[in-house]
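Working notes, structure below.
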Amino acid sequence: LKLCDVPRECNVMNCHFVFALKRKADGSVERFKARLVADGNTQKQGIDYDRVFSTVVKMSTLRLLLIVATARRFYLTSVDIRQAFLQAKLDGDAHIYMRVPPGLPRVDKDDDAIVLRLRKSLYGLKQAGREFNVLLVDFLESVGFQRSTIDTCLFVRDTPGQRMMLAVWVDDIVVAAERQADHAAFVASLETRFPVDDKGPLHWILGMQVSHQREERIMHVSQKLYVMDLLSRYAPFLTDACRSYHV
């Protein structure tokens, strides 16, 4: 679409690439990530978007889920939905325009500036989290889960013999299942709608290292990596104000 054809009242966003490093529980590199992000800070409410919302489970809810799962000897696993915000379609009436990403031609053969009209959600958009949330909730409810009224990021399926609980943090899902087969069936159904990364038994979630002994009903949660990161970042500035202890 030529820039000159964009309605005057419409906003044209810039975009950029964001590079990130994702680590494992032991601090080693899991993968390098590159993501195209729209500069949604220039969006105008009522013109480019209406409502915003992102599924972020409360930490108290997550801790409670871990406690209940441990007490009931549930299997704890985790699932990650890849490119989550790219899955939802934008409202057909929405007119959201973005400049061509860096590194690609920004003019056509006539040397006129060109822009892109977004038809699907993109990271950086104000409404991206909500659009994905609506899509995910519709899917979970279609496969028998009920949304909690206390925490909208907690989903429960209370079918006898197939009890499951889900805690959703945007695109990361902690799964507590009564049987291992229930987890496999859930992942299989999820894969029919989203690109999924099945991470298997829960070892790492939201910066916390998790050690779960199901039969013994024992659960250990540690934030060692977070503490070590803080120490490596700020300890040099506190050498005169801190004392070390050897245990």
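The values are calculated or read from the model by the stated rules, or taken from the named source; none is laboratory data. Just so you know, these numbers come straight off a predicted model, no measurement behind them. We place every Cβ from the backbone using ideal geometry, glycine too, and count neighbours over all the protein chains shown. SASA here: full protein model, heavy atoms, side chains in, ligands and nucleic acids out. Shrake-Rupley method; radii C 1.70, N 1.55, O 1.52, S 1.80 Å.
By how many degrees, 0 to 90 and rounded to 10, does the Cα axis of helix 59-71 deviate from the longest principal axis of the chain?
The two axes meet at around 40 degrees.
Name the longest site-free stretch of the chain, where the excluded sites are GluC sites (Glu not before Pro) in a DSSP loop with no more than 16 other beta-carbon atoms within 10 Å.
Result, exposed sites excluded: 10-214.
Let me test this: with uniform point scatterers at the alpha carbons of the range 140-222, what is the Debye-based log₁₀ I(q)/I(0) at q = 0.11, 0.22 1/Å?
-0.31, -1.28
Averaged per residue, what accessible surface does the chain expose to a 1.4 Å probe, in Å²?
61 Å²
Determine, for each peptide in 192-205, 117-130, 219-232, the mean count of other beta carbons within 10 angstrom over its residues, then list the peptides with the highest first.
117-130, 192-205, 219-232
What is the helix-to-structure angle for 224-234, meaning the angle in degrees between its Cα long axis and the longest Cα principal axis of the chain, kept from 0 to 90 and rounded to the nearest 10?
Helix 224-234 sits at roughly 60 degrees to that axis.
Cβ under 13 Å from Asp198's Cβ, Asp198 left aside: what net charge do those residues give with Lys, Arg +1 and Asp, Glu -1?
In short, -2.
What does the C-alpha gyration tensor say about the overall shape of the chain? Classify as rounded when a/c is under 1.5, otherwise prolate if a/b is larger than b/c, or oblate.
It comes out oblate by the Cα gyration axes.
Sequence gap at least 6, Cα distance under 8 Å: using those rules, report the relative contact order of the chain to the nearest whole percent.
Contact order relative to length: 24 percent.
So what are the range 19-101's ellipsoid semi-axes, whole angstrom, largest first, if each one is the square root of 5 times an eigenvalue of the alpha-carbon gyration tensor?
34, 21, 12
Which pairs break 20 Å Cα to Cα here: Lys2/Lys89; Lys22/Lys126; Lys44/Lys120; Lys44/Lys109; Lys89/Lys109?
From Lys2/Lys89; Lys22/Lys126; Lys44/Lys120; Lys44/Lys109; Lys89/Lys109, over 20 Å: Lys2/Lys89; Lys22/Lys126; Lys44/Lys109; Lys89/Lys109.
Quantify, in whole percent, the carbon and sulfur part of the accessible surface of the chain (1.4 Å probe; protein heavy atoms only).
With neighbouring chains kept in place, the figure for the chain is 53 percent.
Work out the charge dipole of the chain with +1 on the Cβ of Lys and Arg and -1 on the Cβ of Asp and Glu about the Cα centre, then indicate which of Asn11, Gln223, Val175 is farthest towards its positive end.
Gln223
For a quick check, take a GNM of the chain with Cα springs below 10 Å and name the residue from Gln45, Gln146, Gln83 with the largest mean-square fluctuation.
Gln45
Mean-square fluctuation check for the chain, GNM, Cα pairs under 10 Å: which of Asp39, Asp138, Asp93 is largest?
Asp93
Any idea what angle helix 180-191 forms with the longest principal axis of the chain, computed on alpha-carbon atoms, 0 to 90 degrees, nearest 10?
The helix 180-191 is inclined about 0 degrees to the chain.
Go ahead and set up a Gaussian network model of the chain, Cα springs under 10 Å, then flag whichever of Ile81, Ile114, Ile96 fluctuates most.
Ile114
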